[in-house]
Structure formats: structure tokens, C-alpha cells
Amino acid sequence: MIIITGGVTLRQDSRNKGLALGCEHSARSRSEPGCISHRCYIDAEDPSRLHFFEQWEDMDAVQKHFAVPESGAFMARMRELSEGSPEIAIFAADPISLG
């Protein structure tokens, strides 16, 4: 499984637009092949900050996700609405059994 985390701090005048854009992106992404989950969250300590948490079946699905034109448009628009560049980290993960 591939896990992606991301974050962005939105300008005060862009918070509502950024939140709507983040939710739209997550909803669209969940319909893509290989997407296990994709969510947008508001930071409880800084309401101008959004966090993203994604789970994908494999790196092939992630690469296809990044190749979708809407993904590139999303990142470009987030850059316009934010105080700095969006952050992203990608991890390969194996499930661990607790039993």
C-alpha cells in the first residue's frame, strides 16, 4: 500500500475556496482505480491549514492519479490560494497484524 500525506496553509481570503477545492479533489480521487481512501481535513489547531491523507493500492495507481489533468490543475490552484507551496510525502507501507 502507498500512503500519501499532504498539507497546505491557505491565505485567509482563500480559506473557503481552498477547502471546497480540497474536498472536491478528494471526492474525485476516491473514484479513481486503486484509491483506497482520500480525505481532506481541517487542522484543529490552525483552521487555515488543510491536511490530506490518502491510501492507494500501489505506486502504479499513484502515478496514474498524478497524471490525471485534474490533479495537476488542483495543485496549481492550491499554490495560488496558499501562503506557501503545498507539501507532500509518499510512503510505502505494509500492514502489521496486531493479533
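Since every read-out is calculated from the coordinates, none of them should be taken as a lab result. This one's a predicted model, so the numbers in the text were calculated from it and none came from an experiment. As a convention, Cβ positions derive from the backbone with ideal geometry for all residues, glycine included, and neighbour counts pool all protein chains shown.
Details
- Being hydroxyl-bearing (Ser, Thr, Tyr), touching a helix residue (DSSP H, G or I) at 6+ places or on another chain (Cβ under 9 Å) and exposed (fewer than 12 other Cβ atoms within 10 Å of the Cβ) is a condition met by no residue of the range 26-34.
- A single member of 46, 58 is of a type outside the set (A, V, I, L, M, F, W, C) and farther than 13 Å from residue 7 by Cα, and it is 58.
- The range 50-86, subset of a type in the set (Ser, Thr, Tyr) and surrounded by 15 or more Cβ atoms within 10 Å (Cβ to Cβ), residue farthest from residue 17 (Cα to Cα): 71
- Selection count where residues are assigned to a helix (DSSP H, G or I), of a type outside the set (A, V, I, L, M) and closer than 16 Å to residue 14 by Cα, scope the range 63-99: 4
- Qualifying residue in the range 90-99 (condition: under 22 Å from residue 27 (Cβ atoms) and more than 13 Å from the chain's Cα centre (by Cα)): no
- Residue within the range 30-48 that is of a type outside the set (Ser, Thr, Tyr) and in a helix (DSSP H, G or I) present: yes
- Residue 60 passes every criterion in (1) under 13 Å from the mean Cα position of the chain (by Cα); (2) in a helix (DSSP H, G or I); (3) acidic (Asp, Glu); (4) closer than 21 Å to residue 94 by Cβ apart from (1).
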